[in-house]
Amino acid sequence: MSSLIDPYGRTVNYLRVSVTDRCDFRCFYCMSENMTFLPKSDLLSLEELERVCDAFIKLGVKKLRLTGGEPLVRKGIIDLLRNLSKHLKNGSLEELTLTTNGSQLSRYADDLFSCGIKRINVSLDTLDKKKFFDITRWGKLEQVIDGIDAAREAGIKVKINTVALRGINDDEFPSLIKWCGEKDMDITFIETMPLGEIDNDRTENYLPLSMVRKQLRKNFNLVETDHKTGGPARYMAIDGTKQRIGFITPLSHNFCESCNRVRLTCTGTLYMCLGQEDAIDLRSPLRQKESNDALIDAIYAGIANKPKGHDFIIDRRSSTPSVARHMSTTGG
Ligand code: SAM
Ligand code: SF4
């Protein structure tokens, strides 16, 4: 079976799967406090999610990341991970990983490790208890920190993802970096992206990472690296240490030329680009037949329509987001 190559010659070998749009937090830049979630009947079952993942792996996907919403609030998630881990054992999959807000990690860290998960990304924007609550609206900082420690103790390497928010956490970046260094964790900063309606105006907190880098150079001796994790982050290192700092700059620097990924929503829609509407429904072919032929045809058809790139803008004159769907739907 031929591998997945898009019209621009990019090989697609990375699938991100949003296993649920639900979450136990309400981060203000991600969703509104009274977010309307999808009806449960629209969601793919765990068996269906597994079938789609299996099909992608057969077509050459080497890296699989489960996300959401909060992936660890999906019931049965460990069963799904355990079933998917068979691909790690037989060598057809190189990495199985997850992006999480960390709230459930204390409970699941050992299970995740036993499913072959070696690295995870945990999102954490501040180390200040009150600010953490203000950002997440529902989250408890101690729970996340305990979760991070549990994951590390279980043998999982943790990378921290921090959304750079002007006027909210921009005074904390050096201390966050130092804290990560003490725990032997890399950290990646992310720019806010205009995805989905929220209660606030995102432009107020948008902070280009070029400015963050400039500010950090006052505190750290940053040196260029060619470290790559298969994602869009560009990494710098703190001179004389092993600690790396990543920057994901979808707005100030477009990284689409090397895009190797597609995203599946929890309802079975495959999005070819986080910042575009191009999508294909995989749920119908999945439900039509027990054989995967129609599903595989649909996947090829989707990849044949992968757009060249996104063109996000954070526009002060327009309050509408570039893309109507939330990050929690497409999977961040
Ligand atoms: N709930 C999990 C978490 O928070 O890690 C996984 C899903 S979350 C949508 C994935 C990542 O997207 C998180 O790091 C979050 O901070 C980020 N995110 C959510 N909305 C965003 C936005 N509008 N712009 C930039 N990053 C966003
Ligand atoms: Fe939930 Fe993650 Fe969105 Fe925060 S960023 S509301 S934790 S899905």
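Some points to look at:
- Shape call, the range 167-247: gyration tensor on alpha carbons, a/c limit 1.5: prolate
- Extension gain from Arg119 to Gln215, taking 0.36 nm per residue of separation minus the Cα-Cα distance: 31.7 nm
- In this structure, the residue pairs whose Cα-Cα separation is over 26 Å, taken from Lys75/Lys159; Lys159/Lys214; Lys129/Lys157; Lys118/Lys214; Lys218/Lys242; Lys131/Lys242, are Lys118/Lys214; Lys131/Lys242.
- Among beta bridges that DSSP assigns inside the chain, antiparallel share in %, nearest 5: 30
- Of every Cα-Cα pair in the range 234-302, the percent that sits beyond 15 Å: 65
- Accessible carbon and sulfur surface of the range 14-330 relative to its total accessible area, %, 1.4 Å: 49
- Entry note: the range 73-200 has Rg to Rh equal to 1.00, where both radii use alpha-carbon atoms and Rh is the Kirkwood radius.
- Full extension of the segment from Ser41 to Ser284, taken as 0.36 nm per residue of separation minus the current Cα-Cα distance, would add 86.1 nm.
- Shape summary of the chain, radius of gyration then Dmax from alpha carbon positions: 19.1, 59 Å.
- When the Gaussian network model of the chain links Cα atoms closer than 10 Å, the mean-square fluctuations of His310, His227, His87 top out at His227.
- Just checking the listed ones, Asn161, Asn90, Asn169: in the Gaussian network model of the chain with Cα springs under 10 Å, the one fluctuating most is Asn90.
- Most mobile of Lys157, Lys118, Lys89 in a GNM of the chain (Cα contacts under 10 Å): Lys89
- The loop-placed GluC sites (Glu not before Pro) in the range 144-213, going by DSSP, include none that has at most 12 neighbouring Cβ atoms within 10 Å of its Cβ.
- Within the chain, helix-based [θ] at 222 nm, where runs of 4 or more DSSP H residues each add -39,500 (n - 2.57), nearest 500: -8000 deg cm²/dmol
- Length added when fully stretched, Glu50-Lys183, from 0.36 nm per residue minus Cα-Cα: 44.5 nm
- Note on Lys308: lysines with a C-alpha under 27 Å away, same-chain residues under 8 apart excluded, are Lys58, Lys62, Lys63, Lys228.
- The range 175-225: trypsin sites (Lys or Arg not before Pro) falling in loop per DSSP and having at most 15 other Cβ within 10 Å: Lys183, Lys218
- Accessible area in square angstrom per residue, the chain, 1.4 angstrom probe: 44
The values are calculated or read from the model by the stated rules, or taken from the named source; none is laboratory data. Keep in mind that this is a model prediction, so the values were computed, not measured. A quick note on method: Cβ atoms are made from the backbone with ideal geometry, for glycine too, and the neighbour counts reach across all protein chains shown. The protein model used for the area step is the full one, side chains on, heavy atoms only, and it has no ligands, DNA or RNA in it. Shrake-Rupley method; radii C 1.70, N 1.55, O 1.52, S 1.80 Å.
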